[in-house]
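Please read the structure below before turning to the comments.
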Amino acid sequence: MTSFLILGIIWAQHHAVYGLIRRTDPIFLLINVVFLMWVGFLPFPAHVLGQNLGTSGEQTAMLFYAGTFLIGTVPYNLFWFYASKGGHLLRVDVDPARMALTTRSYMLGPVLYAVDFGLAFVNATASLVVFFLIAVFYAVSPIRQITGSRLLRPVFGITQGR
């Protein structure tokens, strides 16, 4: 069940970004394919983690799981940064301030997942808790405002409508 929630968060973020795209090019599509390959791999480390929670293999399984997400920040950030670089693939009506907010949100990903990966070396349970906190952050992150979430706009200081 948890894996489906994580995949749902990833899908929602990916879908929100695609809502900002006005056109694609072959490089962007290739980056997207690599990202989707990573997404397709996610059930495997989730299964390994689920099989090893509460066993002597828990720490190794959490390292594998956290490491998989750390690696996944590479294609996801490439996906966003390539699309947003100079706005060349984005819709013309995307607000630059909102785009900057999204960029900052995504720049946190590698840092947060690196911390989580490092924590897995020390305490697998704490790493799992941090992992879920990261997931919650991305479930309600600034990209939601860009796509029109009126509920979250005041939280992030966005007062203009779309």
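The values are calculated or read from the model by the stated rules, or taken from the named source; none is laboratory data. Owing to the predicted nature of the structure, the values given are computational and were not obtained by experimental measurement. Note that we place each Cβ from the backbone using ideal geometry, even for glycine, and neighbour counts take in every protein chain shown.
PHE35 meets each of the listed conditions (1) over 27 Å from ASP93 (Cβ atoms); (2) in contact with a Pro (Cβ under 9 Å, 6 or more places away or on another chain); (3) not β-branched (Val, Ile, Thr) apart from (1). Where helices (runs of 4 or more DSSP H) fall entirely within the stretch 1-53, those with at least 1 residues that are within 19 Å of VAL140 (Cα to Cα) are at 2-18. If you go through the stretch 81-106 and pick out every residue that is under 30 Å from VAL122 (Cβ atoms) and either at pLDDT 90 or above or surrounded by 14 or more Cβ atoms within 10 Å (Cβ to Cβ) (or both), you end up with 2. Does any residue of the stretch 60-69 turn out to be buried (at least 18 other Cβ atoms within 10 Å of the Cβ) and under 16 Å from VAL17 (Cα atoms)? No: the stretch 60-69 contains no residue that is buried (at least 18 other Cβ atoms within 10 Å of the Cβ) and under 16 Å from VAL17 (Cα atoms).
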